[in-house]
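What follows is a set of notes on a single structure, which appears directly below.
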Amino acid sequence: MGARRVLRDPFPILVGVITAAVLGILLIYPIGKALLSSFVPQGEALALKNLSLVNFQRFVTSPLYKSALVNSILVSLATTFFATILALPAAYAMARIKIPLKSLAMSLSVIPLIAPPFIGAYSWVLLLGRRGIVTVFLQENLGITLPSIFGPFGIILALSLSYFPFVFLIVQGALAAADPYIEESAAIAGARRWRILRTITFPLVAPSIASGALVVFIRALGNVGVPSVLGGDFYVLPTLILFQVEGFFNLNGAAAIAVVNVLLVLVFLLFMRRFSGKKRYVTLTGTTQRSKQNDSLGARVFGNVYVWGLLAFALVPQAMVVFSSFAERWAGTLLPTSYGLANYRLILGNVLEPIFNSVWLAGVATLLALAFGTVTAYVSLRRRFPGKWLLDLTIMLPFVLPGIVTGVAYLTTFNSGPIVLTGTSALLVFGYFVRRLAYAFRSVSASIGQVDPQLEEASIICGASWGGTMRKVTLPLIAPGMLAGAILVFSTLIGELSVTIMLFSGKTKTVSIAIFEYLTSHRIAPASAMGTVVIVITLLLVLLASRLTGKSMADMFK
Amino acid sequence: MQTPARYLKRLLSVLTASLLVTAALAQELIVYNAGSSELIEDTVKAFNAAHPEIKVTVVSAGVGQHTTRIQAEAENPRGDIFFGASVESFQAIADLFRPYTTANDADFDPKFVDPAHRFYGYSQPLQAFIVNTDLMPLETAPKSWADLAKPEYKGKIILANPSLSGSAYAQLAQMLQLYDWGLIEQIVKNASFVSSSQLVFENVARGEIEIGVTGESNIAQLISEGWHVAAVYPSEGTGLRWDAMGIIKGGPNPEAAEVFMDWATSLANYEVAAKYFRRPVRADAPAPEGLAPTTEVPTFDYDPDLAAANRDADLKKFDEIFSGN
C-alpha cells in the first residue's frame, strides 16, 4: 500500500527532499557551525581536540555576566507579559466588537513592527527624556515631574509597545476564525459571558497566545538597541554580545552568549507548551461561519477607546520619526526651529536604489520563507515522526541567534569552499530567509492547526491526489495564515539591519544601511525622512497585498 | 497600475546603464569604511577628481562589524581598503593587512605608521570632555581627569563602557597611565557607562546629562551645527592616539588599492578630513578650523603598547568595580 502510494504520487517525497536539502545547506550547516564555535576558545580551529567550556566560564565567574543574565530574563519576561496583556483585549475587541475602520486599524497595527533601526528608542527620549518635549511641557505648564524614562521601566515600556502586534495579530486571527457555534451553544446553555471567556474562548486561542508570546519573548531577548538607548548602565545579554564583537573581536565568546539565549528560549518554549497544553482545537470545519459581533454600547465604547488608544501609544515612535523628518533645524532647542522638506530633497538621490533593493530582497526572501515555512509547518502538524520539537527548535534557531552571529555564520560558510556566495544578492536573500522562516512557520502552523484534517481525508478518499488536495482544499483554507505570515516576514525584513550589515555589498545597499549611514554622521533628520519613506511604502505594499488577494487585513490574520 | 510598471522599466534601464558604465571603467575599488558616511562620500569625491578611472564602492559599518567581516573573509577577501578605524582595531588583526610603502611615506612621523607599513595614520581622535552649557556653566565644569572623581559631579557624567571599543578603552587606559585604580573607583561611582559611544555625546548635546568624554571632532561638529555644548581638554593632558587606513591582504583590486593609499596619504585627503574636524597626523597638513591647534592642547606621553598589554587585565578589573558598584 505504502509503496503504491509513493509511486502514484511522488510529489510529497520530492517536496520533502528539496525542503530537507534547503534547510540542511542554508540553515543547519552554517548555524550549527556557529553554535559549535561557542565551545572553542577564541582563535582556535573548530576541532574536537579544542573543545572547551571556557567561553561559558564567565557566566559563573563574572558578576557582570550574572547580572546581565538576570536583567535579560527580567526584561524579556516583563515585556512578554505586558505585550500580551496589552494585546489580548485589543484582539478580542477587534474580533468581536464593531469597530469602524477596522481594516485601517489592522494595517496600522503592523507599523510598530517596521521600526526603522535605532530610531525607535530615540523617539521616547525626544518625548520623555529629561529635556523631552512632553517632560518639559508638563513641568512648565502643570508642574508635574515625570519619572525618568531611563532604566528598566523605560525599556519594558518601549519594547512592549513595539512588540504587542505579534500577539495581537495572531490572537485576533484565531478569535475571528474560531467556530462561533461553541460559544453560542454555551450562551444558550445559560453560561455567563465571563464564564464563556474563561472556559471556552481562552482555551481555544491559548495556542495562539503562546505562539505570539514566544515571538515577543525572542524579540525582546535579542533586542540591543532599546536597552542601549534607554538602559544606561542596565546591561542585557545582547549588550555583552556587542562587547565581545566590537570590543574583543571574539566571535566564539559572542556565540557562547547566544547559546545561553537559545537555552532561555528553550525553557520558555517548554513552559509555553505546558501553558497552552498539548490539546489542539480544530475550529475551521466544514460549517464555520462568522462569529456574532457584540453590539452593546458599553462594549463598543470600550473596544474603540482601547484599540485606538493602544494604537496611538504604540505609534508614537513612528510618529516622532515622521515629525523629525520635517525638522530642518533642531539643535539644542525643545522643538525644531525650522520645518520643511529639505531632508526629503537631501535623500532624493539616495533613496530609490536602497528602497528598490530592500523591497526585492525582502520580497524574494518572503516568498522563500512562505514556501518552505508552509511545507515544514504542514509536515510537522500532519505527519507523525520522532523529534518533532527538534524541527521546531531548528527553525527557530536563526531567529533566536543575534543577527551578527547568523551573519558571520553565513560569511564564513559561503565565502570559500563548495558554495561561494559572498558579495551576491543571494547571500542576503538566503540570510533573510533563514532568519525569518520561523515567522512563516509559526503563522502557517497556527492556521493549519485550525483546519480539520477530515477535510483533507475526505478529498483523498474522493480520489484526489495529494497535490490536488493541497491545491484545492488545504491551501485555500490556510491562505489567510500564509498571507499573515508573509506580512510579518516582509515588514520586519524591510528595515533589517543586523544581518544586512554583515552581508551587504556595495551593490546591495538597503534602506536600513542607508539609514545607518546617515546615523554614522549624526544626521538624524534625513535618517528619519528615509524611515518615513520605508513606513509609507511598507504600508502601501501591505494594503496592496490585501487588495490583490481580495482580503481585508482583518480577514488575513485568521 | 501603468505608472509603477513604467517606472520599474525606467529604473531597470537606469540600473542596466549603470552596469554598462561600470564595465566600461577599467578599475574598481571596495572601501570598508568605519567612520562617518558623510566624510567618506567627500573623500571618494576628492579621490575621483584625481583618479576618475577608479570606481569606488563604499561599504559602511561599525568597527567591530568590519573587523569581524575582514576576519571571516580572510580566505577570500572582498574588500580592498579598511578606512578610518582606530589603530587598536588595526593592531588586533594586523596580519590581515598588506605591507605597502606609500609614495608619501617620508612625510609621516614614524610614530603614525605601522612599523611593517601595513597601515598609515589618518587622524588623531583626541579625547576631550563635552559639556552641555545649558545645564552647566563652563566655569563649574570639570577641568581635569581627576575632577571627574569629585562628588559634585555624581550622576552628571556619561561615559562609554571601556569594553565597547578600542577608543572607549583608551579613555580608561589614559586615566590609568596618569593615576591609579583609586580614581577609577570614584569615577565609576559618579558616572553612567553606556553601551554606545554615540550615545555619550548625543545625550550631552540633547541635555539628558551634563558631561561626557568623547572624540574632539564630535564636539566640534556639534558646535558647528548650533548645539549648546563646549569642549574641555583635561589639564593633565589627553593621549595622542590615531586612527588608520590600510590595504586588506589579498583584496580583489590590489593595484587600485595602492593608488588609493598613495592618494589618501597625500595632503589632498587631509584637506577633506579637516572639513570634518579631523586632526591630521601629518604635521604639514592644515589644522581644521574650530579645533585648537595641537600645540595648544595639553597632551601627555600616552603609551599605546602598554595600554594594549594591560587591556585584558584592566577590563576584568573594571568589570569587577563596575558590577560591585
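Laboratory data are not the source of any read-out in this text; all were calculated from the coordinates shown. Worth saying up front: this structure is predicted, and the values here are computed from it rather than measured. All Cβ positions, glycine included, derive from the backbone under ideal geometry; neighbour counts span all protein chains shown.
Here are the numbers for the structure shown:
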| read-out | value |
| --- | --- |
| Shape of the stretch B:144-193, Cα gyration tensor, a/c cut at 1.5 | oblate |
| Span-like helix ranges in chain B, DSSP H, alpha carbon extent 24 angstrom or more, Kyte mean at least -1.0 | B:2-24, B:304-324 |
| Two-site label geometry, residue A:36 and residue B:292: point separation in nm, points 7 Å out along Cα→Cβ | 5.7 nm |
| Environment charge at residue B:81 (Cβ cut-off 11 Å; Lys +1, Arg +1, Asp -1, Glu -1) | -1 |
| Per-pair calculated FRET efficiency, R0 = 25 Å: residue A:293 and residue A:191 via Cβ, rounded to 0.05 | 0.85 |
| Of the DSSP H helices in chain A, those whose Cα atoms cover at least 24 Å axially and whose Kyte score averages -0.5 or more | A:63-96, A:152-177, A:202-222, A:251-276, A:297-314, A:342-382, A:425-450, A:475-493, A:524-548 |
| Gyration tensor over alpha-carbon atoms, the stretch A:2-556, equivalent ellipsoid semi-axes in Å | 36, 32, 24 |
| Among A:264, A:425, A:191 - extreme Cα towards positive end, dipole of chain A, charges at beta-carbon | A:191 |
| Ellipticity estimate at 222 nm from DSSP helix runs (n ≥ 4, -39,500 (n - 2.57)) divided over the protein assembly as shown, nearest 500 | -19000 deg cm²/dmol |
| Inter-site label distance for residue A:342 and residue A:274 at 7 Å from Cα along Cβ, in nm | 5.9 nm |
| Calculated FRET efficiency for the pair residue B:181/residue A:540, C-beta based, R₀ 56 Å, to 0.05 | 0.45 |
| Cα→Cβ-extended label distance, 7 Å offset, between residue A:424 and residue B:235, nm | 6.4 nm |
| Extension gain from residue A:49 to residue A:101, taking 0.36 nm per residue of separation minus the Cα-Cα distance | 12.4 nm |
| R0 of 41 Å, Cβ-Cβ distance residue A:335-residue B:271: FRET efficiency to nearest 0.05 | 0.65 |
| Dipole in debye (nearest 20) - the protein assembly as shown, about Cα centre, beta carbon charges: Lys, Arg +1; Asp, Glu -1 | 5200 debye |
| Cross-link pairs beyond the 24 Å C-alpha cut-off, checked among A:33/A:388; B:189/B:316; B:143/B:189; A:66/A:388 | A:66/A:388 |
| Selection from A:127, A:202, A:50, by position along the positive dipole direction of the protein assembly as shown (Cβ) | A:202 |
| Backbone N under 17 Å from the residue B:138 label point (7 Å along Cα→Cβ), restricted to the stretch B:231-270 | B:231-235 |
| Furthest towards positive pole of dipole, A:413, A:482, A:468, structure part the stretch A:391-513, Cβ charges | A:413 |
| The stretch B:183-278, dipole about Cα centre (Lys/Arg Cβ +1, Asp/Glu Cβ -1), debye to the nearest 20 | 100 debye |
